[in-house]
């Protein structure tokens with residue numbers, strides 16, 4: 001069984017007068033567990049009722065929780081949906097996941113990790129950034145290290161993005177983020193394929209470039225020359241996009257680690273992501289036919 005880790009933020013997505021558990025690493029870890037992986041979540045929560053609620057909400061999700069209690073409030077984010085159902089986020093400053101610390105326990109987990117997913121948001125604070133990088137440097141050399149950029153507001157800069165790319169073996173971005181990374185790599189203008197080639201040349205450890213395109217589908221390149229392109233599923237009844245990208249990344253990774261060929265792993269990830277888009281919230285219960 002593959003050991004898959006999500007590291008970074010955990011928070012409550014607040015929609016008006018209701019809240020659901022979220023944060024990309026939490027969503028990712030949940031969906032990795034749904035695909036049969038031994039899934040772990042490394043994050044921090046406050047010693048407060050919302051922190052207690054995080055633990056209660058994840059109690060039945062089959063995810064090993066490496067949650068540090070810190071003297072800061074448990075994270076929240078205000079989520080609004082536009083007319084197309086696409087989510088937009090507003091994050092408060094100085095919350096629990098900004099205070100994630102390096103401990104012997106998480107370094108021990110890193111040493112037996114097969115794949116880890118990290119993003120840019122949890123690196124907005126120096127403390128958590130240092131911990132995430134220590135974890136990445138402690139994983140085995142053959143582990144898949146996914147930089148799922150998840151660019152939010154102004155919580156990133158070119159130096160952070162370049163450093164994160166240097167630590168990753170897979171980049172996962174969406175179409176809007178592609179334009180930012182094109183400028184970072186001086187690849188403007190460039191086709192998607194040319195961008196992937198530039199990425200592989202610039203970062204020799206990079207093995208995969210994963211691009212999600214919303215309603216237009218998704219595209220994956222490997223450094224070995226494989227390419228998989230899938231159109232969007234027009235039959236999906238969109239409810240919201242919260243967690244869809246995280247489910248895609250987790251499912252793709254679990255499938256690849258299980259030995260599934262890239263094209264089949266991609267197709268399975270796309271089906272799971274489409275299902276998540278058809279349900280409210282980031283962690284819907286998956287039907288058996290969407291599990292590996």
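Out of all DSSP beta bridges in the chain, what portion is antiparallel? Express it as a percent rounded to 5. Write down the numbers at each step before the final one.
Numbers: 18 of 50 bridges.
Approximately 35 percent, going by the DSSP bridge assignments.
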Between the range 62-123 and the range 214-276, what is the separation of their alpha carbon centroids in Å?
23 Å
Extension gain (nm, one decimal) between residue 48 and residue 291, 0.36 nm per residue minus Cα-Cα:
84.0 nm
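Please work out whether the range 1-115 counts as rounded, prolate or oblate from its C-alpha gyration tensor, where a ≥ b ≥ c are the square roots of the eigenvalues and a/c under 1.5 means rounded, while otherwise a/b larger than b/c means prolate and anything else oblate?
On the way: a/c = 1.98, a/b = 1.35, b/c = 1.47.
Taking the square roots of the gyration eigenvalues as a ≥ b ≥ c, the range 1-115 is oblate.
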Below 8 Å between Cα atoms, with a sequence gap of 6+, how large is the relative contact order for the range 1-152 in percent?
25 percent
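Counting alpha carbon pairs within less than 8 Å and at least 6 residues apart, what relative contact order, in whole percent, applies to the range 3-290?
Values: 583 pairs, mean separation 47.5, N = 288.
RCO, the range 3-290: 16 percent.
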By count of other Cβ within 10 Å, fewest leading, how are 31, 88 ordered?
88, 31
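Order the peptides 59-65, 210-216 from the highest to the lowest mean number of other Cβ atoms within 10 Å of their residues.
Details: 59-65: 15.1, 210-216: 18.4.
The densest-packed peptide leads the list: 210-216, 59-65.
For the chain, what is the mean residue ellipticity at 222 nm derived from helices alone (per DSSP H run of n ≥ 4: -39500 (n - 2.57); sum divided by total residues; nearest 500 deg cm²/dmol)?
Calculated at 222 nm, the ellipticity per residue is -11000 deg cm²/dmol.
To make sure I understand, if each residue's beta carbon is the centre and we count other beta carbons within 10 Å, what order do 161, 185, 292 fall in, fewest to most? Could you put the intermediate results ahead of the total?
Details: 161 21, 185 18, 292 15.
Going from sparsest to densest Cβ surroundings: 292, 185, 161.
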Computed label-point distance, nm, for sites residue 175 and residue 280 using a 7 Å Cα→Cβ extension:
2.8 nm
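Counting other C-beta atoms within 10 Å, which of 175, 219, 3 has the fewest, and how do the rest follow?
By the 10 Å Cβ count, ascending, the order reads 175, 219, 3.
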May I ask for the distance between the Cα centers of the range 7-37 and the range 184-211, given as a whole number of Å?
29 Å
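No lab work stands behind these numbers, since they all come straight from the coordinates. Just so it is clear, the model here is predicted, and its values are computed rather than measured. Using ideal geometry, Cβ is built from the backbone for each residue, glycine included, and neighbour counts are taken over all protein chains shown.
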